[in-house]
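Right, one structure below, let's go through it.
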Amino acid sequence: MSLLQFTGKSIYCAAADIHIDPWQPVDRAIITHAHSDHARSGCKHYLAHRESEPILRLRLGADISLQTVEYNEPIFINGVKITLHPAGHIIGSAQIRVEHKGDVWVASGDYKLEDDKFCMPFESVRCNTFITESTFGLPIYKWKPQQEVFSEIEEWISLNKSNGKTSILMGYSLGKMQRILHNLNLPDEPIYAHGAIYTVNETLRKAGYNLPELTLVTKEMDKKLFQKSLVVAPPSADNTPWLKKFTPYSIGYCSGWMAVRGAKNRRAIDRGFILSDHADWNELNKAVKECGAESVFVTHGSTDVFSKWLNENGITAAEVSTMYGSTEEKDQEQFQENV
Ligand SMILES: [Zn+2]
Ligand SMILES: [Zn+2]
């Protein structure tokens with residue numbers, strides 16, 4: 001029997017009786033990171049990296065049963081050694097390394113290789129079998145260094161200001177927005193935020209992370225306040241009446257999907273910034289090569305293309321069907337005006 005199996009509700013380790021990122025409720029779950037397609041409610045016990053705790057409690061409930069560990073801190077269950085290693089994807093994100101009788105598997109969750117200066121950078125972990133995502137597993141996806149993108153965003157903000165417009169910057173509330181807010185050179189004036197971003201930002205600020213303080217946008221606020229300012233919002237705010245109070249405005253949208261022309265055109269946005277918290281084509285290949293695995297399973301994204309490519313290049317690879325990738329980077333965050 002394989003050390004890890006794909007059971008239809010999780011990535012399951014029978015020897016330790018524990019499930020990685022289950023999409024159905026189980027007794028014992030290990031969570032790679034706090035995005036909603038990987039961290040789901042209803043499990044009896046959770047194990048995750050220490051830095052995931054504030055967001056997991058925010059999203060799954062303050063009273064969940066949660067054990068946390070540091071990176072590289074081993075847990076032993078029935079002779080199975082489990083360690084978490086940095087995935088470089090979002091705060092607290094981890095690859096799960098499982099070792100039993102000399103066999104080593106690593107389940108990556110989601111990852112990127114570029115150091116975003118906010119979360120712990122990706123660490124390559126040697127293994128026999130690697131379970132990888134492939135959200136951007138096509139050769140057309142090649143990211144620029146993030147500093148170039150941040151400079152583009154800064155220029156766009158100051159251009160809007162000189163044109164008398166409010167800059168509405170959209171990006172996923174967990175991960176993307178902290179990466180941006182932590183790295184941008186922001187003007188020394190209030191930054192206004194939609195509730196979805198405000199809540200995540202405040203939760204992490206209270207936990208001690210270096211993020212700017214945001215001002216929550218409320219219905220009562222005078223529209224004049226927002227003139228020429230910066231407003232941060234989740235992608236789901238696109239095409240909603242919530243935007244009216246910021247008129248005149250320009251919308252900038254940060255996502256890996258902005259690399260595809262159609263993704264921008266389908267939205268009411270002015271500028272697309274190509275910025276992803278997932279590995280691009282070269283990073284996926286590098287990660288697979290450096291872990292040294294002789295076999296690879298591809299869980300979500302361009303699974304068919306990427307697994308075919310690996311097979312043609314001497315690595316035994318197969319696609320597996322999971323529920324990952326169903327929300328993040330697809331902008332399925334629910335939009336609520338006053339969250
Ligand atoms: Zn994710
Ligand atoms: Zn994912």
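The values are calculated or read from the model by the stated rules, or taken from the named source; none is laboratory data. Please read all numbers here as calculations on a predicted model, not as lab measurements. Reconstructed Cβ throughout: ideal geometry from the backbone, glycine too, with neighbour counts over all protein chains shown. For accessibility, only protein heavy atoms count, side chains too; no ligands or nucleic acids. Shrake-Rupley method; radii C 1.70, N 1.55, O 1.52, S 1.80 Å.
For region 101-116, 3J(HN,Hα) computed residue by residue from phi via the Karplus equation (6.51, -1.76, 1.60; θ = phi - 60°) reads 6, x, 8, 10, 10, 10, 9, 7, x, 10, 7, 9, 9, 5, 6, 8 Hz, glycine and proline entered as x.
Checking every one of the GluC sites (Glu not before Pro) in region 180-255 against DSSP loop status and a limit of 13 other Cβ atoms within 10 Å picks out Glu213, Glu220. If a spin label sat at a point 7 angstrom from the Cα of Ser65 along the line to its beta carbon, the backbone N atoms of region 29-46 nearer than 18 Å would be those of 29-31, 40-46. Any chance you could check the Cα centroid distance between region 25-69 and region 275-322 for me, in angstrom? Taking the Cα centre of region 275-322 as reference, the centre of region 25-69 is 26 Å away. Charge tally around Asp115: other residues with Cβ under 15 Å, Lys/Arg +1 each, Asp/Glu -1 each, net -2. Placing a pseudo-label 7 Å from each Cα along the Cα-to-Cβ vector at Glu152 and Asp115 gives an inter-label distance of 2.3 nm.
Database remark: amide H of Gln95 closer than 5 angstrom to the amide H of His85, Ala87 (H placed geometrically; neighbours at sequence offset of 5 or more, or on other chains; Pro and chain starts carry no H). Over the residues of the chain, the helix contribution to mean residue ellipticity at 222 nm works out to -6000 deg cm²/dmol, using -39500 (n - 2.57) for each DSSP H run of at least 4. In whole angstrom, region 11-150 maps to an equivalent ellipsoid with semi-axes of 25, 19, 14, each derived as √(5λ) from the alpha carbon gyration tensor and ordered largest first. Dividing the mean sequence gap of close Cα pairs (under 8 Å, 6+ apart) by how many residues the chain holds gives a relative contact order of 17 percent. Backbone amide hydrogens, once placed in the peptide plane, bring Tyr46 within less than 5 Å of Ala29, Ser65, Leu66, Gln67, excluding anything fewer than 5 places away on its chain. Residue-wise HN-Hα couplings along region 82-97, as the Karplus relation 6.51 cos²θ - 1.76 cosθ + 1.60 with θ = phi - 60° gives them from phi, are 10, 9, 10, 10, x, 10, x, 8, 9, 4, x, 6, 9, 8, 9, 9 Hz; Gly and Pro carry x. Residues whose amide H lies under 5 Å from that of Leu138, counting only those 5 or more places away or on a different chain, are Trp281; hydrogens are built 1.01 Å from N in the peptide plane.
Each of the peptides 280-289, 312-321, 32-41 was scored by the mean count of other Cβ atoms within 10 Å over its residues; in descending order, highest first, they stand as 32-41, 280-289, 312-321.
Each residue of region 23-30 is assigned a 3J(HN,Hα), and the resulting list reads 9, 10, x, 9, 6, 10, 10, 9 Hz, derived from the Karplus form 6.51 cos²θ - 1.76 cosθ + 1.60 (θ = phi - 60°), x at Gly and Pro. Per-residue accessible area (protein heavy atoms, 1.4 Å probe) orders Ile18, Ile274 as Ile274, Ile18, starting from the largest.
Restricting region 111-194 to trypsin sites (Lys or Arg not before Pro) that sit in a DSSP loop and have at most 10 other Cβ atoms within 10 Å of their own Cβ leaves nothing. Other residues within the sphere of radius under 13 Å centred on the Cβ of Arg126, judged by their own Cβ, net out at -3 (K and R +1, D and E -1).
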